[in-house]
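Novice: Below: one structure in structure tokens.
The values are calculated or read from the model by the stated rules, or taken from the named source; none is laboratory data. Every value quoted in this text rests on a predicted model; they were computed, and no experiment measured them. Positions of Cβ are backbone-derived with ideal geometry, glycine not excepted, and every protein chain shown enters the neighbour counts. We work out accessible area using only protein heavy atoms, side chains counted, and drop any ligands, DNA or RNA first. Shrake-Rupley method; radii C 1.70, N 1.55, O 1.52, S 1.80 Å.
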Amino acid sequence: MMNNVITLNSRPVGKPQLSNFKFDTEPMPVPGENEVLLKTLYVSVDPYLRGRMNDSKSYVPPFQLHQPIESGIIAEVVESNHSGFVKGDFVSGSLAWKEFQVSAGKGLSKVDPEAAPLSAYLGALGMTGLTAYLGLTEIGQPKAGETLVVSGAAGAVGSIVGQIGKILGLRVVGIAGTDEKTALLKNRFGFDEAINYKTTKDMKEAIAAACPDGVDIYFDNVGGEISDAVMMNLNRFARVPVCGAISLYNATEAQTGPRLQPVLVTRSVLMRGFIVSEFAAKSQQAIAQLAGWLKEDKLKYSETVVDGFNNIPAAFMDLFEGKNEGKMVVKI
């Protein structure tokens with residue numbers, strides 16, 4: 001019996017193509033002493049993986065050519081020689097795009113399928129939820145009555161950020177790319193206003209109209225022209241957590257735009273990029289809070305679930321076309 005594997009075949013130039021991935025096989029792995037055999041159940045695909053496909057320095061090493069890609073995965077322990085795990089345990093961790101793999105247990109966390117659906121541990125109760133909660137609370141420093149704008153608001157992180165903002169007493173405005181998504185933001189996730197950037201001619205004016213008291217917190221998931229427009233509407237002492245810049249990830253030329261220093265200086269704005277692991281010491285507290293809100297039905301999460309191991313690359317590429325509502329996961 002052979003094991004299916006997906007490796008990085010070549011480094012993308014611009015948007016990733018199917019040819020950048022290779023579908024391969026290897027002998028079925030066998031766990032050794034102090035190891036477990038894992039069966040992949042759910043695979044997370046996320047925009048940040050695009051950066052790891054470049055051969056450039058970042059906060060994590062780049063993927064190596066002809067080696068398996070890895071991301072957040074929920075797996076089942078199907079065989080164990082490790083004292084910390086038994087057959088039937090469910091775990092999450094950063095694992096390879098393989099149907100089966102062995103692990104010495106480092107970086108694996110047990111998850112409870114009774115507390116929440118397994119896929120939620122890749123989303124609302126995983127890196128997605130932690131990124132939303134910790135980015136907003138640690139950098140955004142929200143105060144009840146303030147105005148929060150979220151770009152990429154119908155995505156995995158953005159939809160959680162907006163809901164947390166509402167729980168904390170903020171006026172929340174989301175930016176997304178279809179009328180269906182803007183309706184989802186208001187009707188399901190409780191945003192006060194939502195803007196379709198693809199049908200809006202003047203984003204600066206649209207944001208001003210949606211935020212009559214200005215913008216106190218801008219949670220930036222996209223960068224580019226959308227963020228330029230939001231920045232022009234910031235209030236004095238505004239805070240800008242920069243989570244991502246998906247609009248720029250596939251750019252093949254250097255991007256230019258408004259120079260932000262005058263806004264930052266004259267309005268005393270705090271703008272800070274972050275990686276969620278910086279706040280690791282607070283992750284358990286954050287997960288407990290998120291789980292509590294889920295149980296109380298104060299927090300809802302949306303998933304786009306794609307079936308089939310061989311569809312992992314296609315699901316990843318769909319992120320850059322905005323085809324996901326909420327978290328994009330692949331069910332194996």
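Novice: Mind checking which of Val240, Val91, Val263 has the largest fluctuation in a GNM of the chain, springs on alpha carbons under 10 Å?
Specialist: Val263
Novice: Rounded to the nearest Å, what's the spacing between the alpha carbon centres of segment 207-268 and segment 76-133? Just the number, please.
Specialist: About 35 Å separates the Cα centre of segment 207-268 from the one of segment 76-133.
Novice: Grab the DSSP H runs of the chain that are 4 residues or longer, score each as -39,500 (n - 2.57), total them, divide by all residues and round the 222 nm result to the nearest 500 deg cm²/dmol.
Specialist: Per the formula, -6000 deg cm²/dmol.
Novice: Now, a different point. Using only the Cα atoms of segment 241-283, what are the Rg and Dmax in Å?
Specialist: Radius of gyration, then largest Cα-Cα span, for segment 241-283: 14.2, 38 Å.
Novice: Taking the Cα centroid of segment 164-194 and of segment 1-16, what is the distance between the two, rounded to the nearest whole Å?
Specialist: Comparing the Cα centres of segment 164-194 and segment 1-16, I get a distance of 35 Å.
Novice: Treating only the Cβ of Lys, Arg, Asp and Glu as charged (+1, +1, -1, -1), what charge dipole size does segment 193-316 show about its Cα centre? Round to the nearest 20 debye.
Specialist: Here segment 193-316 has a charge dipole of around 340 debye.
Novice: Something else: Among Leu270, Gly322, Ser283, whose Cα sits farthest toward the positive end of the charge dipole of segment 262-332 (+1 at Cβ of Lys/Arg, -1 at Cβ of Asp/Glu, about the Cα centre)?
Specialist: Leu270
Novice: Additional query: Tell me, what does the Kirkwood hydrodynamic radius of segment 92-170 come to in angstroms if you use every pair of distinct C-alpha atoms?
Specialist: Radius from the Kirkwood sum: 14.4 Å.
Novice: To the nearest 20 debye, what charge dipole does segment 162-240 have about its Cα centre, counting +1 at the Cβ of each Lys and Arg and -1 at the Cβ of each Asp and Glu?
Specialist: For this selection, approximately 200 debye.
Novice: Given bins 10 angstrom wide, list per bin the percent of all Cα-Cα distances in segment 134-277, short to long.
Specialist: 12, 47, 35, 6, 0
Novice: Right, another one. When a/c reaches 1.5 or more, the comparison of a/b and b/c decides; with that in mind, is segment 6-154 rounded, prolate or oblate per its Cα gyration tensor?
Specialist: oblate
Novice: Give the shape of segment 80-126 as rounded, prolate or oblate, defined through the alpha-carbon gyration tensor: a ≥ b ≥ c are the square roots of its eigenvalues, a/c under 1.5 means rounded, and otherwise the shape is prolate if a/b is larger than b/c and oblate if not.
Specialist: It comes out oblate by the Cα gyration axes.
Novice: Can you tell me what share of the DSSP beta bridges in segment 88-241 is antiparallel? A percent to the nearest 5 is fine.
Specialist: 15 percent
Novice: Need one number: % antiparallel among DSSP beta bridges in the chain, to the nearest 5.
Specialist: About 55 percent, rounded to the nearest 5.
Novice: Farthest toward the dipole's positive end in segment 171-216, which of Ala194, Thr178, Pro212, given Cβ charges of +1 (Lys, Arg) and -1 (Asp, Glu) about the Cα centre?
Specialist: Projecting each Cα onto the dipole axis, the largest value belongs to Thr178.
Novice: Compute the acute angle (0 to 90°) between the alpha-carbon long axis of helix 283-295 and the principal axis of greatest extent of the alpha-carbon atoms of the chain; round to the nearest 10°.
Specialist: Result, in degrees: 80.
Novice: So, in Å, what gap is there between the alpha-carbon centers of segment 293-313 and segment 37-71?
Specialist: Each part's Cα centre sits 20 Å from the other's.
Novice: OK, next. What dipole magnitude, in Debye to the nearest 20, does segment 14-78 give about its Cα centre under +1 on Lys/Arg Cβ and -1 on Asp/Glu Cβ?
Specialist: With only Lys, Arg, Asp and Glu charged at Cβ, the dipole is about 420 debye.
Novice: Working from the pairwise distances between different alpha carbons, so that the mean of 1/r is found and then inverted, what is segment 209-258's Kirkwood radius in Å?
Specialist: One decimal place: 11.8 Å for the Kirkwood radius.
Novice: Where only protein heavy atoms count, and the probe is 1.4 Å, what is the accessible area per residue for the chain in Å²?
Specialist: With all protein chains present, the chain gives 46 Å² per residue.
Novice: Next question. Just name one of Val150, Gly140, Pro117: the one whose Cα is farthest towards the positive end of the charge dipole of segment 96-191 (beta-carbon charges, Lys/Arg +1, Asp/Glu -1).
Specialist: Gly140
Novice: In addition: Using only Cα atoms, tell me the angle between helix 156-167 and the longest principal axis of the chain; keep it within 0 to 90° and round to the nearest 10.
Specialist: Between helix and principal axis, roughly 50 degrees.
Novice: How would segment 211-294 be classified by its alpha-carbon gyration tensor: rounded, prolate or oblate, with rounded meaning a/c under 1.5 and the a/b versus b/c comparison settling the rest?
Specialist: Judged from the Cα gyration tensor, segment 211-294 comes out oblate (a/c at least 1.5, b/c at or above a/b).
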